[in-house]
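Note sheet for the following structure.
The values are calculated or read from the model by the stated rules, or taken from the named source; none is laboratory data. Predicted model, so just to flag it, every value in this text is computed and none were measured. Note that each Cβ is placed from the backbone with ideal geometry, even for glycine, and that neighbours are counted across all protein chains shown.
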Amino acid sequence: MRLVQLQRPLQAAAIARSCRPTLSTFALPIRPSIQAPSSTPAAGNAAVEGRRFASVKSQGAYRIPNKKTLPKKLGAKKSGDQYVVTGNIIFKQRGTMWHPGENALKGRDHTIHAAVSGYVKYYRDPKLHPTRQYIGVAFNREDTLPYPKDEPRRRKLGMVAVTRKVHDKKDNISASGIPRRVVRKGGLYDVEALEQQLWSREKARELAEARGETTPAATGEASEASSTSKADPAQAAAGEAAASEGEVAATPITSAESGEAEPGKGRKKHSRAGQREFVHPLAFIQKRWLERRRTRTLHLNPRNYSYAESNAAIGRLVSRTMYTAPWKLGGRKARMRARRKRTEEGFKQIAANRELVRQEREKERIAEEAKRARMLAKQRAKGQGRAEGKKVEGKEGEKAEKAEKAGEKKADA
């Protein structure tokens, strides 16, 4: 329903109130105080609601703003000593009226952004440029820009002091008797050193006595032990301990006064016969060494962070990994040639497969033709046999007819 139609009762009431008759001796022309509505509803609606225009420009709201007015949202967005975070817009401009200073960045549209979190500073730096004005960000509010050139650069590392956890010292061996930390020694295993470390000379002598035989090595060890005990019991005990630990070989001391050792007397080479007779049970040592060789783990020395394994062991470990050396890969052209070669080999394989299929089909076709030829030959043979049989039958019939005719003629005669 239109607004004019809703207001018609109010208009009628106002007209009736203004047109009441008065008790006077003369009458004046009566005019309504409210104008009568127009005959057309569109004109009435425009009078009540307000006239509308087709375009925004005709209403007076369309204006062309200046280039440096508020609609462009240009100017300072942060004042001096105001706190900003990284990425905040400090000053928006067209052209470099302000230049980026300490801890500030300039965007593509000449906008000055904060590169770090801190406080905004507007300043000049005559040493850097005599007329330019800069905008920077300082970490502390009381700081002034620019910083002196000979001072250390101020940076915000964002590091926080963290208290270190103090761990209680634990025993090397747990309550169950298992060591908490096991460090492998570098280098390859020396079988002779392991023999000396795991099986002392006394154990070797006991083993030889249990077998009921005396080896030249055992007799040599006994003579060495007697000579060392005669020389100095303390030095003999130290030498035996070092030899049992595998550090040094037990070298006999010939003269306690001079303290010189005779070279070549500490470790005697066993003959092949002696080695065959006297064999240490080293199966478990060899097994442990094989297990170590199968591993692919390289251990570091905690003191200087160097590899605990020797170069030979590292080379063996690396050679067993799934690793292709760079010189085997070749350059870019070599890789392209290899790829082209693989592609050509693939095409050749496809062509060979097609040729094989063609040959198989040709063989099948030849076999079908041979089979068909055999069937036709068999059919021809059958047809020829039938035709020959018919010819023979025809000749016999003619002979019989001739014989009958001849017999009839004789009978008539």
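Data for the structure
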{"quantity": "Selected residue (only one of ARG358, ARG339, ARG354 is part of a helix (DSSP H, G or I), surrounded by 10 or more Cβ atoms within 10 Å (Cβ to Cβ), modelled with pLDDT under 90 and not hydrophobic (A, V, I, L, M, F, W, C))", "calculated": "ARG339"}
{"quantity": "Residue satisfying condition, being over 19 Å from ASN88 (Cβ atoms), touching an Asp or Glu at 6+ places or on another chain (Cβ under 8 Å) and modelled with pLDDT of 90 or more, within set PRO146, PRO130", "calculated": "PRO146"}
{"quantity": "Residue within the range 73-92 that is part of a helix (DSSP H, G or I), surrounded by fewer than 18 Cβ atoms within 10 Å (Cβ to Cβ), basic (Lys, Arg) and at pLDDT below 90 present", "calculated": "no"}
{"quantity": "Qualifying residue in the range 371-390 (condition: surrounded by 10 or more Cβ atoms within 10 Å (Cβ to Cβ) and either of a type in the set (Val, Ile, Thr) or in contact with an Asp or Glu (Cβ under 9 Å, 6 or more places away or on another chain) (or both))", "calculated": "no"}
